Amino acid sequence: MTSNQKIQPVRDRELIDRMRQLAAGVVVGTGDVSREWVLKKHWVVVPVESDDHFSGATVARIAASCRDGKDQCFALITEEVYNIDSCFLVPCEEAALEELNNALALFPFVLLPQERSWCIVCTKEDYYLVAGPSGFVETVVGMSIADAQAAYRRSADEWIMEKQKQFHRSVAARYEELTSATASNRA
């Protein structure tokens, strides 16, 4: 890596294993957030339509939100990969998040602080998930939870192919139901 690169690959096997264990409690498979974790932590999860993970104004909002008391988080590719780095330390700054987004554009990954106080799960299915306390999620998506859910539902309806339309509608329904279950769990 050149000296101007912000993200740093993690190559220490013990640290990679520790990061995988941390992520395993929060992320399921290559692109889902653990229902049990969300309910236990009283999180909300909002899907955001995107064909290139996060970018633009979202990067600035993520940087500002993840900097809250932290210098860095980690990114972990969530599918099996060979002969490439799969875990990175990521400074909580815009340039690093943009670099990460470009470097992992073709891979599903999770962005997560070590204390697991929130996560962003980037999928290969033209959306990513923002998960955490409602204030964090609203800051990152730049709108209320209800408005973000409605925006994703609208984007689901815009798919031309019926198969993709149904898939994205099911994603919307799954996380709306989980948000309702979290609210009920708090009561």
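The values are calculated or read from the model by the stated rules, or taken from the named source; none is laboratory data. As the structure is a prediction and not an experimental result, all values here were calculated from the model. We place every Cβ from the backbone using ideal geometry, glycine too, and count neighbours over all the protein chains shown.
Among the residues of the stretch 148-166, which ones are farther than 11 Å from residue 47 by Cβ and surrounded by 13 or more Cβ atoms within 10 Å (Cβ to Cβ)? Even if it seems obvious, please write down each step before you answer.
Restricting attention to the stretch 148-166, the residues satisfying the condition of being farther than 11 Å from residue 47 by Cβ are 150, 154, 157-166.
150, 159, 164, 165 - these are the residues of the stretch 148-166 that are farther than 11 Å from residue 47 by Cβ and surrounded by 13 or more Cβ atoms within 10 Å (Cβ to Cβ).
Looking only at residues in the stretch 125-141 that are part of a strand (DSSP E or B) and out of contact with any helix residue (DSSP H, G or I) (no Cβ under 6 Å at 6 or more places or on another chain), which one is farthest from residue 78 (Cα to Cα)? By that ranking, first place goes to 132.
One residue stands out among those in the stretch 36-72 that are over 20 Å from residue 109 (Cβ atoms) and at pLDDT 90 or above: the one that is surrounded by the most Cβ atoms within 10 Å (Cβ to Cβ), which is 44. Taking the numbered list (1) over 28 Å from residue 19 (Cβ atoms); (2) touching an Asp or Glu at 6+ places or on another chain (Cβ under 7 Å); (3) hydroxyl-bearing (Ser, Thr, Tyr) in turn, residue 180 passes all entries but (2).
I'd like the full set of residues that are surrounded by fewer than 15 Cβ atoms within 10 Å (Cβ to Cβ) and farther than 20 Å from residue 21 by Cα, limited to the stretch 73-104. If the condition is that a residue be surrounded by fewer than 15 Cβ atoms within 10 Å (Cβ to Cβ) and farther than 20 Å from residue 21 by Cα, then 83, 95, 102 are the ones that fit. Of the residues making up the stretch 87-123, just one is farther than 24 Å from residue 41 by Cβ, touching a helix residue (DSSP H, G or I) at 6+ places or on another chain (Cβ under 7 Å) and part of a loop (DSSP other than H, G, I, E, B), namely 93.
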